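Below is one structure, written out as structure tokens, with a few remarks after it.
The values are calculated or read from the model by the stated rules, or taken from the named source; none is laboratory data. Just so it is clear, the model here is predicted, and its values are computed rather than measured. Cβ placement follows ideal geometry from the backbone for every residue including glycine, while neighbour counts extend to all protein chains displayed. The area values use the complete protein model at the heavy-atom level, side chains included, leaving out ligands, DNA and RNA. Shrake-Rupley method; radii C 1.70, N 1.55, O 1.52, S 1.80 Å.
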Amino acid sequence: AHHLDELIAGGVPAIIMADGLAAPEDIITHCEQQNVAVLASPKSAGQVIDLLRIYLAKKLAPMTTVHGVFMDVLGMGVLISGESGLGKSELALELISRGHGLVADDAVEFSRIAPNMIEGRCPPLLQNLLEVRGLGLLVIRAIFGETSVRRKMKLKLIVHLVRTTSPEANFERLPLQAQTQEVLALPIRKVVLPVAAGRNLAVLVEAAVRNVILQLRGIDTMQDFMERQAQAIQNGS
């Protein structure tokens, strides 16, 4: 993988010999003349193709960098977004203290590694770091231990924080359809949480994640409620 990284970065084409076979002299001569790299692998051709497919899918996947905090909450990748000063990092710190994990703070690198899968990582410069106003940079791994950080997670939910005075806070109390937000052209479930004094956002984020887990299991709370309401109206009439 290291050699392939260098070749892709330099735009150098390559030929890979599988099954531990040596390249014929005429191929080596031609590759030297045309500046083509020759690599060898002891694995079978089928295994090399499978590994290359996975490697190239990740290496050449569409990428974007998003502002926010990316967390592992109950095993689910959750992006906490919102304008500066709303307390995203403070919320992340409370979630970490409750046993959840930090992937990235401030800048999150997302790549679409499959048609229905987006993976989020932390830029090397910011790994294990969380910036909290008044405290500065915190080394999360050193403060909370090895289990407090994650190397990568699949993005499954966006929790968007808004001020109570923001137009975004004026949404349906019981929305009939779940909100989504597109990341790399893939719709991701989205929850909007107004930030107000006295609201325990960490508990709300955990509840949102648990609700999404129920939805993934086929349990639709809103649909169940509408069916109960319809049944109650029918019984009353």
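Being under 16 Å from residue 82 (Cα atoms), of a type in the set (A, V, I, L, M) and surrounded by fewer than 19 Cβ atoms within 10 Å (Cβ to Cβ) is the requirement here; does residue 178 meet it?
So residue 178 fails the test.
Would you kindly identify the helices (runs of 4 or more DSSP H) lying entirely within segment 1-93 that contain at least 2 residues that are open to solvent by 60 Å² or more (accessible area, probe 1.4 Å) and more than 29 Å from residue 115 (Cβ to Cβ)?
Working: elements: 2-10, 25-34, 45-59.
Hits in segment 1-93: 25-34.
Restricting attention to segment 115-137, and to residues there that are open to solvent by 30 Å² or more (accessible area, probe 1.4 Å) and among the hydrophobic types (A, V, I, L, M, F, W, C), which single residue is nearest to residue 78 (Cα to Cα)?
Residue satisfying both the conditions and the ranking: 117.
What is the number of the single condition among (1) touching a Cys at 6+ places or on another chain (Cβ under 8 Å); (2) part of a loop (DSSP other than H, G, I, E, B); (3) not aliphatic (A, V, I, L, M) that residue 109 does not meet?
(2)
When you look at residue 189, is it at pLDDT 85 or above and touching a strand residue (DSSP E or B) at 6+ places or on another chain (Cβ under 6 Å), yes or no? Give the derivation first.
Details: at pLDDT 85 or above: yes; touching a strand residue (DSSP E or B) at 6+ places or on another chain (Cβ under 6 Å): yes.
Yes: the conditions hold for residue 189.
Can you tell me which residues in segment 215-227 are loosely packed, with under 12 Cβ neighbours inside 10 Å and among the hydrophobic types (A, V, I, L, M, F, W, C)? Walk me through how you get there before you give the answer.
We begin by selecting, within segment 215-227, every residue loosely packed, with under 12 Cβ neighbours inside 10 Å; these are 216-219, 221, 223-225, 227.
Hits for segment 215-227 are 216, 219, 225.
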